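The values are calculated or read from the model by the stated rules, or taken from the named source; none is laboratory data. What you are looking at is a predicted structure, and each value in this text was computed from that prediction instead of being measured. No Cβ is skipped: glycine too gets one built from the backbone with ideal geometry, and neighbour counts run over all protein chains shown. Accessible surface is based on the protein model in full, side chains and every heavy atom, while ligands, DNA and RNA are left aside. Shrake-Rupley method; radii C 1.70, N 1.55, O 1.52, S 1.80 Å.
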Amino acid sequence: MEPKTHLLREPAKSRALRKPMTGYNVWPAQRCPAFTVRTVGLACGSGCWFCRYANFHLREHISLDVGVCCWPRAQSD
């Protein structure tokens, strides 16, 4: 019997987003269609951790596991 791989879904933590999640939690591995690479700090990858609109407190002593999307609301509506 062949496994039903179509029933297996990727975890929400790594799922591609349909639109920016302004004001909501985002995970480092999520991918946003409005992704913009950070100009300071980490400059590789394409997940929310590397997006300049995701706030993971990367400049603090301890970074967050779950960040907050800071995409401007006027553009996301």
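Charge tally for residue 40 (other residues, Cβ to Cβ under 9 Å; Lys, Arg +1; Asp, Glu -1): +3. Rolled with a 1.4 Å probe across the full set of protein chains, the surface gives residue 53 an accessible area near 40 Å².
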